[in-house]
Structures are given as C-alpha cells and as structure tokens.
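Read the structure below first, then the notes.
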Amino acid sequence: MLAAVVASTTALLFCVALVAAPGYGQSVTGHWAARGGKLDNGEAKKVILDLTQTGSDVKGKIAMMGGDTDVNGTVKGSHFELCGFGDKKPFIVGDVVSGGLHLTMWGDPYVAKPATQADALHKPRYIAPPSLHEVAGNGLAKTPPMGWNSWNLFESKIDDQTVRTMADAMVSSGMRDAGYIYVNIDDTWEGVRDAKGNLRPNHKFPDMKALADYVHSKGLKLGIYSSPGPRTCGGYPATYGHETQDAKTFAAWGIDYLKYDWCSAGTLYKTEQLQPVYQKMGDALEATGRPIVYSLCEYGMGNVEKWGAKVGANLWRTTGDINDSWESMMRNVVQQVPTAPYAGPGHWNDPDMLEIGNGHMTDDEYRTHMSLWALTSAPLLAGNDVRTMTDATKAILLNKEVIAIDQDPLGKQASPVKNGELEMWTKPLADGGVAVGVVNLGSAAAQATVNASGLQLGGAVKSARDLWAHADVEFTGGAYSATVPSHGVLLLKVSAK
Ligand code: GLA
C-alpha cells in the first residue's frame, strides 16, 4: 500500500498527463487534516496533507498513519489529482469545497479541514536501534520459500474464513504438494494492543492460534505481517518498541513466517539505520526458539542484499510493489538483476509476490513471470485466488519442471544478456546442467537461438527439454532455435554429457 515512502519523480509525469488542461478554481494550498472511515480495528483513519498549488501544479507531503510520502499532481477547476509513487493512477483524487477538501484516497472517502496542532499524527518517542552484530541463521529456506500471500488480490478483504478456504484449496488444487506450503496473511489483520501491550488481531481474525492449528492440520504453514515502525503501511498498529513481545506472541500462535514491512519506520529512522532496526527483530525471532522464516520488506533500500542475511533474514524485497501488469512485473525484474551475487541457500532476493492468475496479463506474460522468478531464484508466493484457478493458471503455477528450476538446491540467480528484443537468462543447476530462458521483450514474435557453446556446460549437450512444452528438444549443430511470442518465453533445461 505504501511503498509510497519511496517517492518517485516519474509519478509526476504520469500524474500530470491525467488532467488535460489547467482551469480556474479555489486553491488546494494548505495544511489539511483529513478524516475518513475506520480501519478494521475500529480506529479512525487520519491523514495530514501539506499542499502547495502553483498554477495548475500541486506539490506536497502527505503524512499517513502508515508513513509519509511526497506527492505531485494537478488541479483543474476545483478538481485535483495526486500521485505519490511510480504508479500510473493517482492515489488521491478530490475537489476543493467551501472550507476544505473532499477527497478519496485509495478509494476511501475523506473530508479535509484546515489542520490545527491537535490534528498532528502521533509520533512515538525515538528508540535508538541496537549496535550491529550478526544474527545466527535460522537454517530455514534452503530453497526459495513457496506459498500464497493475501495482499495482491485481497488487500484488506482478508479474514479467517478466507484464509481457511484458501488453505483447503492449496491442498485440493495440488499447490501444497507442488511445494507451496506457506499461507501468509498480509496487512490489515491487526487489532489494538491490550492492557499488557499484547497485539491482538481485529474482528476478522477471532482466534489466530486456532487458525494456525487449522492451517497446520492441512500440512501447511502460517505466515503473518508487521512493521518495525509504529504502524503498518495500511495504518494498523505495528511492532515498534514491542519486538520481543510480538515475536513471542507470533511464536505462541504458531506462526511460521513473518513479513516485516518498513512503512512508518521511515518516519523515525534513516536509511542507514535499516540494518540495526531489522536486526532487532531478527534477534527477537531467534530468541523465541521457533523456526520462523524472516522476510524483509523495505523495497530494496540501502543495498539490503548486502546485509539481509546478517540480520537473520531469509529473504528481502528488492523492489517496490508489483501490480498485475507486464510493465510492473518487468520493472521488478530489472531491479532484481544487480542483486544476483547475493542469492543463495537460506537467503534470497525477492522481487515481490506473483500476480499469475489475477487476470491482467496474458498467459504468455504469466509464463514469462513464472520463468523469470524461477530463473532468478525468487520466492514463489502466489497472489491469486487459489480456490477458483483456471486450467491455464494451474498449468503455470503447478508446472513442476519450472518449480524445480526455482527450487534448484545450488541456489544461483540467473542474470540476463540482451540481444535486441531478446533477453537470455542462464542459471547453473546443481546437477551440472543449466536452465536457459529467452524472453521476447518485443511486440512481435521472434526467433530465439540458444547456442550450447554459450551455456558454460561442463560438456556437450546430452539432453534438452522445453519446460513449457513438456517435451524433449534436439540441439542440432550445437544450437536450438524456436519462435518465441511477444512477451513470451522459451525455457529450456539443458544437461551435459
Ligand atoms: C507494502 C508492501 C506490500 C503490502 C502492503 C500492505 O506496500 O510492499 O507488499 O504488504 O504494504 O499494506
């Protein structure tokens, strides 16, 4: 929701393009306090906007419960639109009205009035992060974690019943047996803290321990979400100042995986403090004695790939949030590339969760998505509705030959070599073979040729297999050629004699 903390200048270009021409209206300039509906835990939603309008342009800062972001936008007449980060759509649209602003933010209505001092968002006392040391590895995630996460499709519309039915479907669809074992609850599960400071779930999750027991009874594992800041990106209470207590609570519930999302930590800490802040939770998780996969989410800031393993993490996001589009998916792939040297058993670069099956890419594009995640040894966290998968989605997510490339025990992360519109990715495998992917970035089908000599195989080609066609193929004269559709992929496993 709020990778907004990482403001993007490209957003300005997109945002301006949305409003055709300047008009004349009242100004949006001001220091505004906006109030909206309620979070799922009953707390009121509040936002502070500091906006300055110059002509038809607006610039400013938005302080949300989940963190701050810079915004850019435009005004036409009384209507304004604001973008915060590299998204094509403004996340705030509204109108100047008498005495204030009416706006919707991520679809939720707010009314803004001139802010007074009493409106300021609560900022807790600063807690200095600990000095650095290395957290011992937890021995988990020897191969990239696989499972399902609620965020991409459900966002805040996630509850106990949905998680249970999703767990059922992970079993009946064959996802669990294919290796997808983590069922991860993302943001918006949080309630408020009780008198002793224990974080409770909100009404959507009446009994987290009972839910964990249910998920475990299906041979699956349960994941949860929090932030090192005082609030999650969605504005819910988070772990700041309660690291040991929350880690114990999660362990007592039977949690097996924690996604720990920077969000409002950015209002208290600087990028240079990412490592000690994340180390604090690494220590707290280790102290519980429960095996809990530790997943960092800070959008790739501060070269996380270089220190993520030292805070005890098993994976770390290398990118901003994915959405269900070719552009977003490929943008994340580009950001994953420089992190290649740092992937390996127990610690993985995470270009975000899968969008396969969510309906806005073609099947060719989804095959490319799955192939690139497998080639780059990325975690495979499905983000679709597993209860209602089409056969085409199943054939992609459940392609065991492609999953085996992702899960190869050597744990190497492929890097690309570009040749015109074709991009070739090569991943060395534990058995001495290689996985080769050729992605067609162009808008027309293209002929791809894979030369055995370029693959750094230990010997001549013994056998080769097209992992999407599920068919053996022949290298003749040391090469194999095939037509790759626009945005499609050729994915081979090549074995040496
Ligand atoms: C951030 C993360 C997302 C998701 C949302 C939840 O934007 O990057 O993956 O967890 O927060 O609010």
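The values are calculated or read from the model by the stated rules, or taken from the named source; none is laboratory data. Note that the coordinates shown come from a computational prediction; the quantities given were computed from them, not determined experimentally. Glycine also receives a Cβ, built like all others from the backbone with ideal geometry; neighbour counts cover every protein chain displayed. When the accessible area is computed, the model is the full protein with side chains, heavy atoms only, and any ligands, DNA or RNA have been set aside. Shrake-Rupley method; radii C 1.70, N 1.55, O 1.52, S 1.80 Å.
Answer with yes or no whether Asp261 is in contact (Cβ under 8 Å) with a residue 60 or more places away in the chain, open to solvent by 40 Å² or more (accessible area, probe 1.4 Å), of a type outside the set (S, T, N, Q) and within 15 Å of the ligand (Cβ to nearest atom). Give the steps one after another, and end with the answer.
Values: in contact (Cβ under 8 Å) with a residue 60 or more places away in the chain: yes; open to solvent by 40 Å² or more (accessible area, probe 1.4 Å): no; of a type outside the set (S, T, N, Q): yes; within 15 Å of the ligand (Cβ to nearest atom): yes.
No, not satisfied.
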- Would you please name the residue that is nearest to Val434 (Cα to Cα), looking only at residues in the range 375-395 that are open to solvent by less than 10 Å² (accessible area, probe 1.4 Å) and part of a helix (DSSP H, G or I)? Leu375
- Item | Lone unmet requirement of (1) under 22 Å from Ala251 (Cα atoms); (2) within 16 Å of the ligand (Cβ to nearest atom) for Asp160 | (2)
- Candidate set from the range 296-310 (those that are away from the ligand (no atom under 11 Å from the Cβ) and open to solvent by 20 Å² or more (accessible area, probe 1.4 Å)); member that is nearest to Cys263 (Cα to Cα): Met301
- Message: I'm trying to understand the selection: among the residues of the range 295-337, which are more than 19 Å from Asp283 (Cβ to Cβ), touching a helix residue (DSSP H, G or I) at 6+ places or on another chain (Cβ under 9 Å) and aliphatic (A, V, I, L, M)?
- Response: Met301, Ile322, Met329, Met330, Val333
- Is it the case that the range 456-464 has a residue that's polar (S, T, N, Q), at pLDDT below 95 and over 29 Å from the mean Cα position of the chain (by Cα)? yes
- Task: Quickly run through the range 396-411 and pick out the residues that are of a type in the set (Asp, Glu) and open to solvent by 10 Å² or more (accessible area, probe 1.4 Å).
- Result: Glu401, Asp408
- Report, ordered by the first and then the second residue, all pairs with beta carbons closer than 6 Å, sequence separation of six or more or different chains, a first member in the range 233-245 that is within 16 Å of Trp262 (Cβ to Cβ), and a second member that is away from the ligand (no atom under 16 Å from the Cβ) and basic (Lys, Arg). Glu243/Lys280
- If you take just the strands (runs of 3 or more DSSP E) that sit entirely in the range 419-497, which of them hold at least 1 residues that are of a type in the set (Phe, Trp, Tyr), touching a Gly at 6+ places or on another chain (Cβ under 9 Å) and buried (at least 16 other Cβ atoms within 10 Å of the Cβ)? 422-428
- Item | Inter-residue pairs, beta-carbon under 7 Å, first surrounded by 18 or more Cβ atoms within 10 Å (Cβ to Cβ) and in the range 331-351, second among the acidic types (Asp, Glu), 6+ apart | Asn332/Asp352; Thr339/Glu305; Tyr342/Glu305; Asn349/Glu305
- Output the number of residues of the range 236-252 satisfying the condition of being more than 16 Å from the ligand (Cβ to nearest atom) and in a loop (DSSP other than H, G, I, E, B). 2
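Report yes if Val215 is hydrophobic (A, V, I, L, M, F, W, C), more than 24 Å from Trp307 (Cα to Cα) and in contact (Cβ under 8 Å) with a residue 40 or more places away in the chain, otherwise no. First the steps, then the outcome.
On the way: hydrophobic (A, V, I, L, M, F, W, C): yes; more than 24 Å from Trp307 (Cα to Cα): yes; in contact (Cβ under 8 Å) with a residue 40 or more places away in the chain: yes.
Answer is yes for this residue.
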- Query: Can we say Thr69 is at pLDDT below 95, in a strand (DSSP E or B) and within 16 Å of the ligand (Cβ to nearest atom)?
  - Reply: yes
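Let's see how each residue does on (1) away from the ligand (no atom under 16 Å from the Cβ); (2) under 20 Å from the mean Cα position of the chain (by Cα):
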residue	(1), (2)
Arg125	yes, no
Pro145	no, yes
Met166	yes, yes
Asn184	no, yes
Lys196	yes, no
His203	yes, no
